[in-house]
Amino acid sequence: MNTLTVSPLATYLDHLKRGQLGYQYSPSLGKAVFYPRVIAPVTGEADLEWRVSQGLGTVHATTVVHPREGQAFNVCLVDLDEGFRMMSRVEDIPPRDVKIGMRVKFRVHRPAGDEDPYPVFTPAETGAEGGQ
């Protein structure tokens, strides 16, 4: 019997390296689970299944951070369409232009060096589509 198991964090990072936003779903809980873990919250069951998000969500909350050095940036909570919430940031627009209720889409940020990739978001609407 193989007792070697891959950690939930390693699986999550593998999804990001493939350009996917992986998350877990718990049948016993009946909903998505995020941040990756070994057992489901509330039920304590080890029934977590990996799924891949379509990457679309809505900004739930946002703030602008003004570091002492460097450019201002936003930090936000995004409610993904699959039913989980995650902390991230919205890129490609000024931090003050990120608004609650804004539709966003996932992309992978790949830092230089040995740092792991991480999820960020961009506005879902593009100017080429004429907006809605």
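Please give the calculated 222 nm ellipticity per residue for the chain, where each DSSP H segment of at least 4 residues contributes -39500 (n - 2.57) and the sum is spread over every residue; nearest 500 deg cm²/dmol?
-2000 deg cm²/dmol
For the chain, take every pair of Cα atoms, bin their distances at 5 Å starting from 0, and report each bin as a whole percent.
The calculated distribution, bin by bin, is 2, 10, 17, 19, 18, 15, 10, 5, 3, 1, 0, 0.
Just to confirm, what accessible area per residue do you get for the chain at 1.4 Å probe, in whole Å²?
I get 63 Å² per residue for this part.
In degrees between 0 and 90, to the nearest 10, how far off the longest principal axis of the chain does helix 8-17 point, with axes built from Cα atoms?
It is inclined by approximately 50 degrees.
Leaving out ligands, DNA and RNA, and with a 1.4 Å probe, what % of the accessible surface on the chain is carbon or sulfur?
Numbers: 4290 of 8320 Å².
Here it works out to 52 percent.
The values are calculated or read from the model by the stated rules, or taken from the named source; none is laboratory data. Just so it is clear, the structure is predicted and the values come from calculations on it, not from any experiment. The area values use the complete protein model at the heavy-atom level, side chains included, leaving out ligands, DNA and RNA. Shrake-Rupley method; radii C 1.70, N 1.55, O 1.52, S 1.80 Å.
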